[in-house]
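J.: Here it is, the structure, as structure tokens.
What follows draws every value from the coordinates through simple rules; no lab data is involved. This structure is a prediction, so every number in the text was calculated from the model and none was measured. Neighbour counts run over all protein chains shown; Cβ positions are idealised from the backbone, glycine included.
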Amino acid sequence: ELRDAYTKGHSERGVVFAIEIGKELGLTERELELLKIGGSIHDIGKVAIPDVILLKPGRLTPKEYEVMKLHVQLGYELVKGLDLPKESLDVLLYHQERYDGKGYPFGKRGDEIPLLARIYTVADSFEAMTARRIYKKSKKWREALEELEELAGSQFDPDIVPYAIKAL
């Protein structure tokens, strides 16, 4: 976020949303803390993405998108040697996976994706939908909530989405 003013606060807002969803789901205080840590570091790998891609005002080309997708594994490489809980690292490593298996970096699906990462995916996506970025306008909260419902079962865990909608 120090490199990209348009996403300043993205992780903080994502964590707030994730914690609210986690509370609605009945997570323990420990699980909420693990979610907070993971959300706080989830995009750290973007420090290794070239500015020409990270700060691009328009749509990414397919090649640029492939480079952007590397932020997950680069982030993991940056922090894997630190004393961080595995569950928090899982949030970083799996936050771009999709419930239907069409995400990245591993193409995991459903319950193969750790619960905290599935929660954070919803929160992160909702934050991205409702935030103004250099390359897109923000959606109204109602529109973003409707999109969560529409994408339940494909992009998002259909068991988490109703709790997210209630929490948000």
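J.: What does the charge add up to near residue 113, with Lys and Arg as +1, Asp and Glu as -1, over the other residues with Cβ less than 10 Å from its Cβ?
T.: -1
J.: Convex hull over the Cα atoms of the range 80-130, averaged projected area in nm²?
T.: Taking the Cα atoms of the range 80-130, their convex hull projects to 3.7 nm² on average.
J.: Moving on. For residue 133, what residues show an amide H to amide H distance below 5 Å, using hydrogens built from the backbone and excluding near sequence neighbours?
T.: The list, which skips near neighbours in sequence, is 138.
J.: Give a residue-ordered list of calculated ³J(HN,Hα) values for the range 30-42 (Karplus: 6.51 cos²θ - 1.76 cosθ + 1.60, θ = phi - 60°; whole Hz; x for Gly, Pro).
T.: Using θ = phi - 60°, the values come out as 5, 5, 5, 5, 4, 5, 4, 4, x, x, 5, 10, 4 Hz.
J.: Choose one of 55, 101, 121: the residue whose Cα lies farthest towards the positive end of the charge dipole of the chain (beta-carbon charges +1 Lys, Arg; -1 Asp, Glu; about the Cα centre).
T.: 55
J.: In whole percent, what relative contact order does the chain give with Cα contacts below 8 Å and a gap of six or more residues?
T.: After rounding, I find 26 percent.
J.: Over the alpha carbons of the range 35-82, what is the largest minus smallest coordinate on each principal axis, giving the biggest first in Å?
T.: On the principal axes, the range 35-82 reaches 33, 18, 15 Å in Cα extent.
J.: Taking only DSSP H segments of four or more residues, each worth -39500 (n - 2.57), what value at 222 nm results for the chain once the sum is divided by all its residues, to the nearest 500 deg cm²/dmol?
T.: Helix contribution divided over all residues of the chain: -16000 deg cm²/dmol.
J.: Treat each spin label as a single point 7 Å out from the Cα along the C-beta direction, and report the residue 154 to residue 16 distance in nm.
T.: Between residue 154 and residue 16, the label points sit 3.0 nm apart.
J.: If you put +1 on each Lys and Arg Cβ and -1 on each Asp and Glu Cβ, how big is the dipole of the chain around its Cα centre, in Debye rounded to 20?
T.: Approximately 720 debye in magnitude.
J.: Continuing with the same structure: Could you tell me the distance between the Cα centroids of the range 86-120 and the range 122-155, to the nearest Å?
T.: 18
J.: Ok, one more. Tell me, what ³J(HN,Hα) does each residue in the range 54-66 have, in order and in whole Hz, if you take phi through Karplus 6.51 cos²θ - 1.76 cosθ + 1.60 with θ = phi - 60° and put x for Gly and Pro?
T.: 3J(HN,Hα) across the range 54-66, in whole Hz: 4, 9, 5, x, x, 5, 6, 6, x, 5, 5, 5, 4.
J.: Another question, then. Between exposed trypsin sites (Lys or Arg not before Pro) in the chain, where DSSP calls loop and at most 14 other Cβ atoms lie within 10 Å, what's the longest gap?
T.: Longest site-free region, per DSSP loop and neighbour criteria: 9-58.
J.: Using 0.36 nm times the number of residues separating residue 2 and residue 111, minus their current alpha carbon distance, what extension gain do you get?
T.: Working: separation 109, 0.36 × 109 = 39.24 nm, distance 3.39 nm.
Roughly 35.9 nm would be gained on extension.
J.: Under 5 Å between amide H atoms, partner at least 5 residues away or on a different chain: which partners does residue 156 have, H built in plane at 1.01 Å?
T.: Those lying under 5 Å, H to H, from residue 156 are 99.
J.: If you scale each eigenvalue of the Cα gyration tensor by 5 and take the root, what three semi-axes come out for the chain, rounded to whole angstrom and sorted largest first? Could you put the intermediate results ahead of the total?
T.: Values: eigenvalues 101, 75, 48 Å².
So the equivalent ellipsoid measures 22, 19, 15 Å along its semi-axes.
J.: In sequence order, what are the phi-derived ³J(HN,Hα) couplings for the range 121-127 according to the Karplus relation 6.51 cos²θ - 1.76 cosθ + 1.60 with θ = phi - 60°, rounded to whole Hz, with x for glycine and proline?
T.: Couplings: 4, 5, 5, 5, 5, 4, 4 Hz.
J.: What's the FRET efficiency of residue 102 with residue 60 using the Cβ-Cβ distance as r and R₀ = 22 Å, to the nearest 0.05? Kindly include the intermediate steps, with their values, before the conclusion.
T.: Values: r = 17 Å, r/R0 = 0.79.
Efficiency, rounded to the nearest 0.05: 0.80.
J.: So, R0 is 22 Å and r is the distance between the beta-carbons of residue 83 and residue 29; what FRET efficiency does that work out to, to 0.05?
T.: The computed FRET efficiency comes out at 0.65.
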